[in-house]
Amino acid sequence: MGIILMYLVIIAVVVVVISLKVINQYERGVVLTLGKFTGIRGPGLRLVVPGFQRLLRVDVRSTPIDVPKQEVITKDNVTVGVDAVVYFRVIDAPKAVLETTNYIYATSQFAQAALRDVTGNVDMDDLLGKREEISQQIKEIVDRQTDQWGIDVEAVKIQNIELPTDMKRAMAKQAEAERERRAVIITAEGEKAAAIAVAEAAATLTKIPGGINVRTLQTLEKISSEPSQNTLIVLPAELTESVGRILNSNK
């Protein structure tokens, strides 16, 4: 009789040890009793009756999943490769277990479909220049669908946009032409500003008696100070005008 009692005690201890489950702080335990959902177990040491109950662990931390590169034809018929990353968190553990067979795989697949749909309805220029807006549209679409699975989509980020080689060359030429156009405009604006400044200076010098003569002397001084192997002869403007009058009178 004592041996039987000892065996019963050992069996009871083994059953209790097997029944004890440790749930981590970042997990929630979904309990099924005879196949039926009967509750959630929080973090800590929990008792699950073996043979009658089953514990399914659900990670409630923020989880990133990669969306593989998708070949997409944009609205303006340009083929591009686009990939993204989705950040989501389980906010309702029973739904995540009971409403889909694999909530991570389901979220990934739906994110791929949403990525193709959204990027296929925009032009290439918008795809390159409005990544944040497009990412937000994808997030809203995926979030509406995954809400029924107890999942909250925190963010969607488009990572890489792969363009065809010929399109890269065309964009490089376009960027170079744009830079040249800006350089020409800046040069023209500089010349315009310089011409206006020169005209204003000339107008000021003509209003001041002897101003032109002073400027002429400054120019001669500058020319004479520069080293040169050629001889420079400067004639006053008055002398040139007098010679011109004399020649005209002789005719």
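Nothing in this text is a laboratory measurement; each read-out follows from the coordinates by a stated rule. Quick caveat: nothing in here was measured; it's all calculated off a predicted structure. Virtual Cβ from ideal backbone geometry, glycine too; neighbours counted across all protein chains shown.
Ranked highest first by the average count of other Cβ atoms within 10 Å around their residues, in what order do 91-104, 111-124 fall?
Result, highest mean Cβ count within 10 Å first: 111-124, 91-104.
In nm, what is the difference between 0.36 nm times the number of residues separating Q148 and S62 and their Cα-Cα distance?
Using 0.36 nm per residue and subtracting the Cα-Cα distance, I get 29.2 nm.
Tell me which aspartates and glutamates have Cα within less than 19 Å of K95's Cα, excluding those fewer than 8 residues away on the same chain?
Hits, sequence-local ones excluded: E27, D59, D143, D147, D152, E154.
What share of Cα pairs, in percent, lie more than 26 angstrom apart in the stretch 1-158?
In whole percent, the share of Cα-Cα pairs in the stretch 1-158 beyond 26 Å is 46.
If amide hydrogens are placed 1.01 Å from N in the peptide plane, which non-local residues have theirs closer than 5 Å to the one on A84?
Residues meeting the criterion, in which the H sits 1.01 Å from N, are V67, Q159.
Counting only residues 5 or more places away or on other chains, whose amide H sits under 5 Å from the amide H of V48 once H atoms are built in the peptide plane?
L20, K21
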